[in-house]
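*Asks:* Let me begin by handing over the structure; questions about it come next.
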Amino acid sequence: MSVNLTANAIPAIIGGDVNAKPLVQVLDVALVSNTNNSQQQRYKLLLSDAVFSHHAMLATQLNDRIRTGRVQKGSVVQLLDYICTPLKNRKIIVVLNMETIIPDCEIIGNPKPYMDSDLPSVGTKADNTVENLPRSNNNNNSAAQNASHNAQNFRPTIQPPYQPPPVYKGRGAILKNEAPARIIPIAALNPYQGRWAIKARVTAKGDLRRYNNARGDGKVFSFDLLDSDGGEIRVTCFNAVVDRFYNVIEVGKVYMISKGNLKPAQKNFNHLKNEWEIFLESTSTVELCPDEDDSIPKQQFSFRPISDIENADNNSILDVIGVVTSVNPSVPILRKNGMETQRRILSLKDSSGRSVELTLWGEFCNREGQKLQEMVDAGFFPILAVKAGKVNDFSGKSVGSISTTQLFINPDFPEAHSLREWFDRVGKDSASLSISKDIIPGGPKNEIRKAVSQIKDEGLGRSDKPDWITVRAAISFIKTDTFCYTACPLMIGDRQCNKKVTRSGNTRWQCDRCNQEFEECDYRYLLQAQILDQTGLTWVTAFQEAGEEIMEYSAKELYFLKYEQQDDEKFGEIIKSRLFNQFVFRLKIKEELYGDEQKVKITVVKADKLNYSSESSYMLDLISKFCRQ
């Protein structure tokens, strides 16, 4: 098969022409950065235009082209997007996008390595350059003939790297390397570049955080950028750099940023779709662009339906939009560092048929949270878009705010309008299943009703995944010696510690996990009880919410009644009043290891008082199905 590579492509690229889309051949592929993370592996290519060859680095988003064999030694490719950047006194091509034309082809011509000294003088036309190019050593002139043929269609003018106009804000004469760098897209940033600049909008700004490690005290903050091509990247500042830029950066403003250091993004803390992160240094520059740039979006969302959050990974960061159906009051919470913060929980639902708890922390509670509560209390259910919420899988799935989270109430964009139309038309009257609080997979419509005896007879809970069932039963016995425990109230991230605490003196409590003392602790249910139906009985454990549903008192109230007031008579009356009341229990059954022994643990996820009307309808439906068989 006859293939004509683009003549003079390598000299043109090295000379600064990155606007053409030349046809070149891959002479070799090599893995130069081998890590366990496939997204951080780097491949080096040797590209040829049939006369000259030159090394190139492949952007990591194209790694799958190598792994799947779409690009290999001999492949003929068309470069669609690329840059040429200095690296250690030489230049290297960085391929950002390309298309495979021929997956496998014999080597074309006899190319030799291209050196910067081979670069023709500025302004020389490509056809003149072709006449001066060295021919192959084996007298094979086909490459040169192909080059001459293609030169008639590809005649780039060799230019030096872009130099901006000499307007330097009255700073006087400057050195050669101090001229402003060329603005490039965020997607083109890589550590192999020398000087670069990006123009982008700040979409989120994190809180100023202080830390202490072996090197001493420090402070850090970060902010996220979005450019006109949709590229996103996080910028992080430490210590003295924080003092320079923290008060300069404002969400929504557009800045020109240059002279930063690119490092691999820390994916544990960085959810943006970029493998790199910018670290600003003492020599970095951040300049506000006073004129509004409408080409750069205000924000970029990637909304997930609430039903998808059910299967989202714990601690993953995502965007969600829904209708606010309820808002709880803000409550004070004591964090691990001894500082008090606010927490407010609200509920979101969407057209996927699911709802989810959204936990707001800190200032979100008093700003957007208070506004949302006033709107819901007035009978209006607003649309809320959440940018960068954090998934939590403790007791079901929920979403929480973090420092870079942004909330948009009744935003003006298509997803919000569509959701409002759905809610006003049918959504406000339609039921939704919450994915929070360990809700049974499949929901009530597909609930599995069992008798107590079937738990043992069918070996429930002994598979890899827990079994979820519903039973109608009564409580026959409650252990009263260990019905609750004293718990740590401190927050670890977005979760309460909840570990058991012990007395430290007469007035304080101590948590060994947090290694802190405090005056007030929490009281949480650890209720162990026997439930029975007409087929048998079994032991179950009910934690906080389920315990309150069963006892109708808080754990703290019963603790003080028993241990502080020592009113055994009233305490005993409350316990007796809960016996032989019927509930519809939703149970989670899972085999767990206790010491060296495997035991089946049955946990009460929810305890609903028996509704005789609903239960009668359920029984009649069962009888009807039985009669039809």
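The values are calculated or read from the model by the stated rules, or taken from the named source; none is laboratory data. Being a predicted model, the structure only gives us computed values, none of them experimental. As a convention, Cβ positions derive from the backbone with ideal geometry for all residues, glycine included, and neighbour counts pool all protein chains shown. Accessible surface areas use protein heavy atoms only, side chains included; no ligands, DNA or RNA. Shrake-Rupley method; radii C 1.70, N 1.55, O 1.52, S 1.80 Å.
*Asks:* Just order 410-417, 96-103, 600-607, 289-296 by mean Cβ neighbour count inside 10 Å, highest at the front, would you?
*Replies:* With the highest mean Cβ count within 10 Å placed first, the list reads 600-607, 96-103, 410-417, 289-296.
*Asks:* Next question, about the same structure. Starting from the Cα of K253, draw a straight line to each of the aspartates and glutamates and keep only those under 13 Å, dropping any in the same chain fewer than 8 residues away.
*Replies:* Output for K253: D224, D227, E287, D291, E292, D293, D294.
*Asks:* What Kirkwood hydrodynamic radius, in Å, does the range 204-267 give when the mean of 1/r is taken over all pairs of distinct Cα atoms and then inverted?
*Replies:* 13.1 Å
*Asks:* Could you give the size of the charge dipole of the range 474-591 about its Cα centre, using +1 on the Cβ of each K and R and -1 on the Cβ of each D and E, expressed in debye and rounded to the nearest 20?
*Replies:* About 420 debye.
*Asks:* Please state the charge dipole magnitude for the range 453-528, taken about the Cα centre, from unit charges on C-beta atoms (+1 on K and R, -1 on D and E), reported in debye and rounded to the nearest 20.
*Replies:* Taking the Cα centre of the range 453-528 as origin, the dipole is about 120 debye.
*Asks:* Further question on the same structure: Do me a favour and compute the ellipsoid semi-axes for the range 289-370 from its Cα gyration tensor, root of five times each eigenvalue, largest one first, whole Å.
*Replies:* Each semi-axis is √(5λ); the values are 26, 22, 14 Å.
*Asks:* Which order do peptides 379-385, 56-62 fall in by mean Cβ count within 10 Å, highest first?
*Replies:* 56-62, 379-385
*Asks:* Follow-up question, since we're still on this one. Per residue, how many Å² of accessible area does the range 3-116 show with a 1.4 Å probe?
*Replies:* Accessible area per residue, the range 3-116: 42 Å².
*Asks:* Using a 1.4 angstrom probe on heavy atoms only, work out the carbon and sulfur share of the accessible area of the range 496-579 in %.
*Replies:* Carbon-and-sulfur percentage of accessible area, whole number: 42.
*Asks:* Among G595, V584, Y618, whose Cα sits farthest toward the positive end of the charge dipole of the range 582-628 (+1 at Cβ of Lys/Arg, -1 at Cβ of Asp/Glu, about the Cα centre)?
*Replies:* Value computed over the given set: Y618.
*Asks:* Round to a whole number: what % of the accessible area of the range 304-381 belongs to carbon and sulfur, probe 1.4 Å?
*Replies:* In the range 304-381, the share of accessible area belonging to carbon and sulfur is 46 percent.
*Asks:* Still on this model: So how much accessible area does V331 have, in Å² to the nearest 10, using a 1.4 Å probe?
*Replies:* Here the accessible area works out near 60 Å².
*Asks:* Shifting gears a bit: Run the dipole for the range 396-554 about the Cα centre, Lys and Arg Cβ at +1, Asp and Glu Cβ at -1, nothing else charged, and hand back the magnitude in debye, nearest 20.
*Replies:* Taking the Cα centre of the range 396-554 as origin, the dipole is about 380 debye.
*Asks:* Round to a whole angstrom and tell me the spacing of the C-alpha centers of the range 235-311 and the range 451-512.
*Replies:* 42 Å
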